[in-house]
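Data first, discussion second: the structure below is written as structure tokens.
The values are calculated or read from the model by the stated rules, or taken from the named source; none is laboratory data. Keep in mind that this is a model prediction, so the values were computed, not measured. Every residue, glycine as well, gets a Cβ built from its backbone with ideal geometry; the counts of neighbours run over all protein chains shown. Keep in mind that these areas ignore ligands, DNA and RNA; they rest on the heavy atoms of the full protein, side chains included. Shrake-Rupley method; radii C 1.70, N 1.55, O 1.52, S 1.80 Å.
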Amino acid sequence: MADADGRDWPRYWDAERETRDPAERDGLILERVQAQLGYVYHGLPFYRRHYDAHGFHPDQVRSLADFTAKVPVITKAMLVADQAEHPPFGSYTPERPTGGIARIHGSSGTSGTPTMYAVSRGDWDRAGEVHAMAQWCAGVRPDDVVQVGFPFGLFFGGWGVVQGAERIGATLFPIGITDSVRHLELIERLGSTVFSATPSYAVHLLSVAEKHGFDLRANTVAHLLVGGEPGGSLPGTRRVIEDGWGAVVADAGSTSEMYPFQTNVGCEAGTGTHLFTDEVFTEIVDADDPNAAVPAGTRGAVVYTHLWRDSQPMIRFAPGDESYLADDPCPCGRTYPRLPEGVLGRLDDMLVIRGANIYPSAVDTAVRSVPGLGPEFRIRVTRPGALDEMTVEAEGDPALKPELEAALSRVLGIRVPAVLLAHGTLPETTFKARRVVDER
């Protein structure tokens, strides 16, 4: 595949792996599932206690269907409790991981004590290759200049971008979080060709560029690698970013517990996020019954399993996210299944408004469909009587109110009032967007 300068790069990072026959891949996945189950049951006390309490033994899994139907899930709350009882890394972490612990990261801890992540040297090295495969899928090449707008600290996200870009051989500019105008100035000064941040921050920079006279469509950025929150695969959000930047958007990332977390990644065909299921096996199950798979195309809860990681392996980890699967062919030629719209949102973010299930990501889709609105919006939830009600606040000309309310009705299936505010009224997004104000 030739780039803009005529250089001919291979289409895939690992062609054999990425185009493997799905049935053959499933056989390899089953082998790894069985090996991991044996490893965690006999080697990690957390899993031994959990499985014994549910009457499960690894010998019961003889197929991938058995795996879904018989293995109990684990949750973030269980991991947090186990780390509190067995500090600092929990009893789901081996005492002597392969090669020792190479890196320690953690959750932000904004709601309490951060969850600590310990990554063995073997897992860290393997993740570099996985992240390189993901970023190659997204369009990153050795002659790119990759500017990273994720924070560097406890948060894991930016480090995955660093790993993949370094393994590919691209030029890396890990600036992290800085003033928005400075990001845009440095893109122009350095000729950055890839920009990586959350989708909401990529949208936010559109308004910053307009305010300060930057022409994003004329700059050097050709690819945006977004993640850290839902939205990068939603058609409306992706279209706003691509049109505003004049660049291709790829959504990448799952959740910090599932490092290497770029095993969900979009390709240049824009068909959603490919799932590297031979690295992290991904299931979509009934939201009320995690041992019941749902068919492709049906929305349900996401469940992840590490197939290779030995330090803090997650086996059927349910992060509380919702999505749906597709397994039809992708024009890019990769044979992995996909999440056509990425992660749609968190199940616990769902609002029930007059009997309708509403996700912030759906409101995002409606807002992005109305030209002329600013990048920020906010959902206010109240309970004036027996039922919850919501109002959507957006920035723009008050004349757009009927059009926004029509879009909300079309996407959400219920009537939702809108309030139009002056541009610059709502808080600016500098990392992850916070869209819901709960006034109940």
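Selection among T335, A269, G213 by position relative to the dipole of the chain gives G213 as farthest towards the positive end (Cβ unit charges, Cα centre). Packing-based ranking of 193-199, 9-15 yields 193-199, 9-15, ordered from highest to lowest mean Cβ neighbour count within 10 Å.
Restricting the count to DSSP beta bridges whose residues both fall in segment 341-440, what percent are antiparallel, rounded to a multiple of 5? Numbers along the way, then the final one.
On the way: 9 of 16 bridges.
Among the beta bridges of segment 341-440, antiparallel pairing accounts for roughly 55 percent.
Given +1 at the Cβ of Lys and Arg, -1 at the Cβ of Asp and Glu and no other charges, the dipole of the chain around its Cα centre is 520 debye to the nearest 20. Which of these values of Rg and Dmax of the Cα atoms in Å was calculated from the structure shown: (1) 21.9, 65; (2) 20.9, 61; (3) 23.0, 75? Checking each listed value against the structure points to (1). Note on the chain: dipole from Cβ charges, positive end direction compared against T19, A53, G253; the farthest Cα belongs to A53.
Sort 308-316, 47-55 for me by packing, meaning the mean count of neighbouring Cβ atoms within 10 Å per residue, highest on top. All intermediate terms of the calculation are to be shown ahead of the outcome.
Values: 308-316: 22.8, 47-55: 14.7.
Top of the packing list down: 308-316, 47-55.
The residues of the chain expose on average 42 square angstrom of accessible surface per residue, using a 1.4 Å probe on protein heavy atoms.
Were the residues from R299 through D243 laid out at 0.36 nm apart, the gain over their Cα-Cα distance would be 17.3 nm. Computed over protein heavy atoms with a 1.4 Å probe, the carbon and sulfur contribution to the accessible area of the chain reaches 52%.
Below 8 Å between Cα atoms, with a sequence gap of 6+, how large is the relative contact order for the chain in percent? Please list the in-between numbers first.
Values: 910 pairs, mean separation 59.3, N = 440.
RCO, the chain: 13 percent.
With the simple spin-label model, which puts each label point 7 Å out from Cα in the Cβ direction, the H54 to D388 separation comes to 2.7 nm. Here the Gaussian network model covers the chain, with springs between Cα atoms less than 10 Å apart; of R334, R238, R17, R17 fluctuates the most.
What is the distance in Å between the Cα centres of segment 160-215 and segment 343-371? Cα centroid to Cα centroid, the span is 28 Å.
Which order, highest average first, do 336-348, 61-73 follow once you tally other Cβ atoms within 10 Å for each residue and take the mean per peptide? Before the final figure, lay out each step's value.
On the way: 336-348: 21.8, 61-73: 17.1.
The packing order, highest mean first, is 336-348, 61-73.
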